[in-house]
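Peer 1: Would you mind keeping the following structure in view while I ask a few things?
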């Protein structure tokens with residue numbers, strides 16, 4: 001099995017506090033994986049480690065079919081200044097960065113692709129609206145349109161459906177399915193177990209340490225969820241308090 | 001009426017030079033001011049203006065009232081404070097606003113110390129309030145060069161700058177130019193403040209950058225619209241301010257800034273977008 005990326009004894013954290021501890025495993029090329037776990041389990045930290053924003057304290061992320069500069073990443077809380085006077089069209093168009101960079105103009109073909117991405121997320125008619133006038137769901141749609149244009153082999157989504165209306169969630173899950181159908185590798189941090197069972201074939205359950213990783217039906221069991229909660233509660237203190245080697 | 005508007009500029013060379021200098025600062029400084037405003041760095045601009053003082057003072061001590069020495073001194077001091085505070089913010093736990101405040105206060109204290117121990121009060125007044133009515137050719141060329149460089153630089157890094165303001169996380173993810181953009185922008189701020197202080201003084205220079213930008217916020221929504229509106233407001237304020245200073249014998253730098261302040265006040269009250277009147281009208285329509 002070819003892998004998109006592999007975790008090798010990966011330890012990530014802030015200061016000297018590990019948030020992800022000695023993780024091993026492979027994410028298959030073209031797979032659609034949900035990352036689940038209790039609060040503070042290191043799910044977001046894991047994605048930051050993959051993008052390279054966070055350097056590992058130990059171990060490494062090894063890239064197989066993907067490369068680090070070919071990642072489309074949707075952070076949990078974006079730094080985007082929603083009051084900034086920029087239109088939906090302009091926000092989405094920077095998804096073409098790998099082609100237009102900071103200095104080149106958009107050609108007709110680019111404009112057509114921007115239009116296509118905006119219509120794929122159901123925002124046609126909103127192109128010239130300032131981003132400040134969008135609702136939370138509409139704004140998330142715009143960010144998905146930008147991810148579409150980034151045309152990356154690896155898509156990382158950090159809680160993309162939190163505080164989003166059900167209709168938007170269904171539409172955006174459609175976009176995720178489209179990526180999966182195109183053979184891209186998608187890793188999404190999710191809270192909604194129902195959505196994970198319905199749409200994500202693979203699941204990685206995390207509670208600082210790996211709980212389970214594999215087909216969703218085998219991973220997302222009551223026993224595993226209980227164990228994950230226990231592991232997280234035991235690990236509120238420093239690592240040596242929960243009886244494992246630091 | 002028209003005579004009142006044009007006669008001072010037609011008759012006196014120093015008024016034409018002053019107008020030329022103010023237009024140059026308006027064209028170069030206000031786009032920078034618009035981005036300062038959009039990045040919520042309006043007060044950082046003020047801090048940078050203070051930071052320039054010791055450099056200009058050292059230049060003055062070494063070479064007297066020399067354009068070159070004071071310009072270079074101001075640029076060096078401004079860039080040093082910008083780079084040091086940026087460096088401290090990236091390497092230590094201190095945030096950029098706090099480290100900038102620390103460095104500019106130190107810099108300002110040094111500046112006041114130098115000027116008050118070695119120069120006379122008249123010199124201090126020159127540095128603080130500028131000499132827009134005594135701009136010579138060299139000073140005008142400097143102001144126009146700074147305006148030209150600023151416009152070219154802003155055009156060149158426009159997309160990077162917009163993204164650095166709107167979504168810095170994304171820019172850092174797709175491009176390594178985030179830090180370059182930030183420091184290029186800071187360099188433009190320092191350059192325009194140094195240019196501005198020759199005409200309007202260190203403390204007033206930041207006024208012509210920020211006030212028109214803040215007023216433009218009530219007239220335009222897009223970035224391009226904001227810049228155009230701000231430049232128009234800045235030029236109009238310059239003309240009116242210079243005329244007011246001519247007819248009423250007022251110091252010209254503060255007069256220009258005060259007119260810009262009046263325009264800001266009017267925009268705040270009756271501007272079409274988000275002003276006091278606009279929100280009352282909308283409230284009435286909705287009610």
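The values are calculated or read from the model by the stated rules, or taken from the named source; none is laboratory data. Keep in mind that what you see is a predicted model, and the values were worked out from it rather than measured. FYI the Cβ positions are ideal-geometry reconstructions off the backbone, even for glycines, and counts take in every protein chain you see.
Peer 1: Of all the residues that make up segment B:245-254, how many are surrounded by fewer than 22 Cβ atoms within 10 Å (Cβ to Cβ) and touching a helix residue (DSSP H, G or I) at 6+ places or on another chain (Cβ under 9 Å)?
Peer 2: So the count comes out to 6.
Peer 1: Another question, if that's okay. Hey, which of the helices (runs of 4 or more DSSP H) in segment B:128-244, taking only ones fully inside, have at least 2 residues that are buried (at least 20 other Cβ atoms within 10 Å of the Cβ), away from chain A (no Cβ under 14 Å) and in contact with a helix residue (DSSP H, G or I) (Cβ under 7 Å, 6 or more places away or on another chain)?
Peer 2: Numbers: elements: B:137-156, B:158-166, B:168-174, B:178-200, B:202-216.
Fully inside segment B:128-244 and qualifying: B:137-156, B:178-200, B:202-216.
Peer 1: To continue, here is another question. Does residue A:16 fit the bill of being away from chain B (no Cβ under 14 Å), more than 26 Å from residue A:164 (Cα to Cα) and touching a helix residue (DSSP H, G or I) at 6+ places or on another chain (Cβ under 8 Å)?
Peer 2: No: the conditions fail for residue A:16.
Peer 1: Look at residue B:274 and say whether it is over 16 Å from the mean Cα position of the chain (by Cα) and either surrounded by 17 or more Cβ atoms within 10 Å (Cβ to Cβ) or in contact (Cβ under 8 Å) with a residue 24 or more places away in the chain (or both).
Peer 2: Criteria met by residue B:274.
Peer 1: Is it the case that residue A:70 is farther than 17 Å from residue B:172 by Cβ, surrounded by fewer than 18 Cβ atoms within 10 Å (Cβ to Cβ) and under 19 Å from the mean Cα position of the chain (by Cα)?
Peer 2: No.
Peer 1: Could you grab the pairs with beta carbons closer than 6 Å, sequence gap of 6+ or different chains, first residue in segment A:45-64 and more than 14 Å from residue A:13 (Cβ to Cβ), second one part of a loop (DSSP other than H, G, I, E, B) and modelled with pLDDT of 90 or more?
Peer 2: Matching pairs, first to second residue: none at all.
Peer 1: Follow-up question, since we're still on this one. All but one of (1) within 23 Å of residue A:50 (Cα to Cα); (2) buried (at least 19 other Cβ atoms within 10 Å of the Cβ) hold for residue A:168; state the number of the condition that does not hold.
Peer 2: So residue A:168 meets the others, but not (1).
Peer 1: Hey, can you tell me all the residues within segment B:141-162 that are under 18 Å from residue A:96 (Cβ atoms) and without any contact (Cβ under 8 Å) to a residue 12 or more places away in the chain?
Peer 2: Answer for segment B:141-162, where residues must be under 18 Å from residue A:96 (Cβ atoms) and without any contact (Cβ under 8 Å) to a residue 12 or more places away in the chain: B:158, B:159.
Peer 1: Right, here's the next one. What about residue B:120, is it modelled with pLDDT of 90 or more and surrounded by fewer than 18 Cβ atoms within 10 Å (Cβ to Cβ)? Please lay out each step first, then the result.
Peer 2: Working: modelled with pLDDT of 90 or more: no; surrounded by fewer than 18 Cβ atoms within 10 Å (Cβ to Cβ): yes.
Judged against the criteria, residue B:120 is not a match.
Peer 1: Quick check: is even one residue across segment A:149-166 without any contact (Cβ under 8 Å) to a residue 24 or more places away in the chain and assigned to a helix (DSSP H, G or I)?
Peer 2: Yes, that holds for at least one residue.
Peer 1: Within segment B:5-14, identify whether any single residue is in contact with a helix residue (DSSP H, G or I) (Cβ under 9 Å, 6 or more places away or on another chain) and modelled with pLDDT under 85, and answer yes or no.
Peer 2: Residues of segment B:5-14 in contact with a helix residue (DSSP H, G or I) (Cβ under 9 Å, 6 or more places away or on another chain): B:5, B:8-10, B:12, B:14.
Imposing the further condition that a residue be modelled with pLDDT under 85 reduces the set to B:5.
Checked against the condition, which is being in contact with a helix residue (DSSP H, G or I) (Cβ under 9 Å, 6 or more places away or on another chain) and modelled with pLDDT under 85, segment B:5-14 yields at least one hit.
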